[in-house]
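Working notes for the structure below.
The values are calculated or read from the model by the stated rules, or taken from the named source; none is laboratory data. Here the structure is a predicted model, which is why all the values come from computation and not from measurement. Cβ placement follows ideal geometry from the backbone for every residue including glycine, while neighbour counts extend to all protein chains displayed. With ligands, DNA and RNA removed, areas are computed over all heavy atoms of the protein, side chains included. Shrake-Rupley method; radii C 1.70, N 1.55, O 1.52, S 1.80 Å.
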Amino acid sequence: MNEHISDSGLPPIQRVITGHDANGRAVFKSEDVTPTRMIPSGDASFLLIWTTATVPADNNDETDGRHREAGLTLNGGSVIRIVDMLPGKESPMHRTNSIDYGIVLEGEIELELDDGAKRTVRQGGIIVQRGTNHLWRNTTNKPCRIAFILIEAPAYLHDGAPLPEDKPDHK
């Protein structure tokens with residue numbers, strides 16, 4: 001496949017990183033254009049944009065956040081990634097100990113909760129996922145692109161006991 005096209009068929013993602021020079025002035029540190037790549041399950045194409053090792057973040061950490069090891073969430077930190085959910089595909093049902101902000105950039109996605117309740121979120125829509133068990137389903141014939149920002153959070157307490165994480169293995 002053309003290296004300038006994501007595995008989903010959508011355009012690659014431009015990433016621009018800023019920082020500071022030796023005089024404390026704002027500078028552009030890097031810029032790249034990178035396609036999303038298929039995950040092992042074959043239901044979506046991912047691109048890790050940035051991570052932080054801690055929350056609050058440390059702007060003195062010069063590590064390129066893309067090069068930090070991150071699973072679906074990053075314990076103690078934050079993650080931003082682009083997810084291209086493929087037509088007719090769905091994720092496994094899962095829960096993470098994080099608060100997730102999902103911004104639908106293109107297409108639409110169905111969000112299903114563990115009780116079977118469903119909502120369709122369209123382009124421009126925003127999902128705030130608060131540690132609930134859920135799955136994503138693309139019921140259309142076009143890819144859906146979502147920007148996900150995940151910030152670690154303690155597990156939700158139900159009757160005083162934390163609900164367990166159930167994370168699919170997506171890198």
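Selection of the stretch 1-31 for residues being closer than 30 Å to Asn141 by Cβ and not in a loop (DSSP other than H, G, I, E, B) yields Ile13, Gln14, Arg15. Right, Gly116: at positive phi and at pLDDT 95 or above or not? Spelling it out, Gly116 is indeed at positive phi and at pLDDT 95 or above. Residue count for the stretch 75-86, restricted to those that are out of contact with any Leu (no Cβ under 6 Å at 6 or more places or on another chain) and either open to solvent by 20 Å² or more (accessible area, probe 1.4 Å) or over 19 Å from Glu152 (Cα atoms) (or both): 6. For the stretch 152-171, a tally of residues being surrounded by fewer than 17 Cβ atoms within 10 Å (Cβ to Cβ) and not in a loop (DSSP other than H, G, I, E, B) returns 5. Within the stretch 32-42, the residues that satisfy the criterion of being part of a loop (DSSP other than H, G, I, E, B) and either of a type in the set (Gly, Ala, Ser) or surrounded by 11 or more Cβ atoms within 10 Å (Cβ to Cβ) (or both) are Pro35, Thr36, Ile39, Ser41, Gly42. The set of residues from the stretch 87-105 being open to solvent by less than 20 Å² (accessible area, probe 1.4 Å) and in contact with a Phe, Trp or Tyr (Cβ under 8 Å, 6 or more places away or on another chain) comprises Ser91, Asp100, Gly102. When only residues in the stretch 119-146 that are of a type in the set (S, T, N, Q) and either out of contact with any strand residue (DSSP E or B) (no Cβ under 7 Å at 6 or more places or on another chain) or not in a strand (DSSP E or B) (or both) count, which is nearest to His94 (Cα to Cα)? Top of the filtered list is Asn133. Taking the criterion of being open to solvent by 90 Å² or more (accessible area, probe 1.4 Å) and under 18 Å from Tyr101 (Cα atoms), the residues of the stretch 114-151 that qualify are Lys118, Arg119, Arg122, Gln123, Ile126, Arg130.
Scanning the stretch 43-93 for residues that are among the small types (Gly, Ala, Ser) and outside any loop (DSSP other than H, G, I, E, B) returns Ala44, Ser45, Gly65, Ser78. Quick one: is Asn59 more than 13 Å from the chain's Cα centre (by Cα) and exposed (fewer than 15 other Cβ atoms within 10 Å of the Cβ)? The answer is yes for Asn59.
The condition of being among the aromatic types (Phe, Trp, Tyr) and under 20 Å from Ala70 (Cα atoms) holds for only one of Tyr156, Tyr101, that being Tyr101. In the stretch 1-18, the residues that are closer than 16 Å to Ile49 by Cα reach residues that are at pLDDT below 95 and open to solvent by less than 50 Å² (accessible area, probe 1.4 Å) with C-beta atoms within less than 7 angstrom, at least six apart or across chains, in these pairs: Pro12/Ser6.
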